[in-house]
Structure formats: C-alpha cells, structure tokens
Amino acid sequence: MLTSPQWQRTLTAAGRHRVSPSRTPKRWFFSKSRPNRATTSAWVDGFFSNGMESIANSSPLWVMKIVSEVLFWPTFAWNYLLYIRSNDDWYSTIAELPTGGKLLLGPAPVFASMRETLVEQAGVSVFVSTLDRDFAGPSVESRSFPMTDFVSPDLPTVEAAVDYIDEQLEAGKSVYVHCKAGKGRSGTIVICWLMKHFRMTPEDAQAYLAKARPQILKVLYKREVVREY
C-alpha cells in the first residue's frame, strides 16, 4: 500500500503538471466566437447538474434507467460538440503515482481513435466504467461498475470501484475511469478516491478535481454517497 506522503507528493505534482494529450485535430463546425456559447453551455450543464438530479431524487429508479438509456446518445453528442468547440482536453490526468501508474478521468471512449490515444499515448491499460456498455476493446483490461445516469451512485458500488482502482494503480497500471461524459458518475468515484487517500473533505476534493478537469459537475460534493464515504 502506498504511504500517505507518497500519495500526497504524487497528487501535488499531478496538480501542477497536468498532462495534455495529443488530440485528434478538431473540425470546427461553428465559430468559436459565436455569442452566448459559454452561457448556453453553463445553462445546460446546470440543468443536468441540478435539474435532472432533482427529478431523479423524486423518480423511481426504473424510470431513470429508461431516461438514461434514451438520453445516452443525444447527451453524448452534446458533450462531444462542447469539446470540439472548446480548448479543453477530452481526458484529464488526475494523479501520477510512484508505482508508475496514472489515474485518468474522461468520457466513454466510443471511437476507436479515442481508445488508441488512451492506450498508445497515455499508456492506459485498464478501463473502469460506470456503463453497462463495453467500449474497452480487446487490447485493455476492463471492469464495469454500472450506475444509472443522473442518479447518485450507491455506496457499495463506489467502494468496490475505488478498491479496484487501488489494486490496479498499486500494480503499476494506468487506469482510465469513465462514464458517458466524464463529468458525473466517474467524477464521483474519483472524488471518493481523493477523499480516501488524502483525507480531503468533499469540498476540497471537488475543488481539486475541478482544477484538473473543469468539465465535472459542480455538485458532486453534495451527493449523498460522497457525504457518506
């Protein structure tokens, strides 16, 4: 098990020197100077951060599972559009460990080019997914911890995911954690990972993760599972 000082030095270094991947050239479908783009993006993200979670909290789980399936591709397309019109990296390096492994966070690698970038350029050898779809391909290990979109995950599932990530990192492997957009479910897992190893409060973990990956939902620290962790 890595000691606390080792983890702390690693986290600090990763925070200062975030790895920027070599990205596939973007196709600019719209002008980046288009007015109100940031406002529209913030409004939509705010709706899915607060509005959908409020709906989820008052809806049966089976209803949210259907909603999650119906909205998967439309919301993935929306997030992909935001990416190609932004200067953000589509995946983010959260920590680089003394074992040689790295922890990365991002969206579902639905395209072969995304998987190739993660494996060949970022050195990822393990995918940890919150989806019931398999986007890993044959070249990497993968483990799924299914969680319903827009719904705060349950504590046992998050604990199992964090424990599995630890096993892989301590073996020197680089782990890519993803949900659909790399904002909510996967962000929840990574926040809990940060809290476990650095004794962070939910608020501190949210603040650190927001610096490493600005795209994450702004309300993850409020989720019940994070407060319980």
Original post:
Gly184 passes all but one of (1) in contact with a strand residue (DSSP E or B) (Cβ under 7 Å, 6 or more places away or on another chain); (2) of a type in the set (Gly, Ala, Ser); (3) under 20 Å from Asp89 (Cα atoms); which number fails?
Top reply: (1)
**OP:** Go through region 193-215 and give me each residue that's of a type in the set (S, T, N, Q) and either in contact with a helix residue (DSSP H, G or I) (Cβ under 6 Å, 6 or more places away or on another chain) or surrounded by fewer than 16 Cβ atoms within 10 Å (Cβ to Cβ) (or both).
**Re:** Thr201, Gln206
Subject >> Residue check, Thr157 modelled with pLDDT of 95 or more and either touching a helix residue (DSSP H, G or I) at 6+ places or on another chain (Cβ under 9 Å) or assigned to a loop (DSSP other than H, G, I, E, B) (or both) >> reply: yes
Original post:
Taking Lys173, is it touching a residue at least 12 places away in the same chain (Cβ under 8 Å), part of a loop (DSSP other than H, G, I, E, B) and out of contact with any Pro (no Cβ under 9 Å at 6 or more places or on another chain)?
Top reply: yes
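Per-residue answers, yes or no, for (1) of a type outside the set (S, T, N, Q); (2) at negative phi; (3) modelled with pLDDT under 75:
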{"position": "Gly46", "(1), (2), (3)": "yes, yes, yes"}
{"position": "Ile55", "(1), (2), (3)": "yes, yes, yes"}
{"position": "Val63", "(1), (2), (3)": "yes, yes, no"}
{"position": "Phe72", "(1), (2), (3)": "yes, yes, no"}
{"position": "Tyr80", "(1), (2), (3)": "yes, yes, no"}
{"position": "Ser86", "(1), (2), (3)": "no, yes, yes"}
{"position": "Ser92", "(1), (2), (3)": "no, yes, no"}
{"position": "Glu96", "(1), (2), (3)": "yes, yes, no"}
{"position": "Thr99", "(1), (2), (3)": "no, yes, no"}
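The values are calculated or read from the model by the stated rules, or taken from the named source; none is laboratory data. Source: prediction; values computed, not measured. No Cβ is skipped: glycine too gets one built from the backbone with ideal geometry, and neighbour counts run over all protein chains shown.
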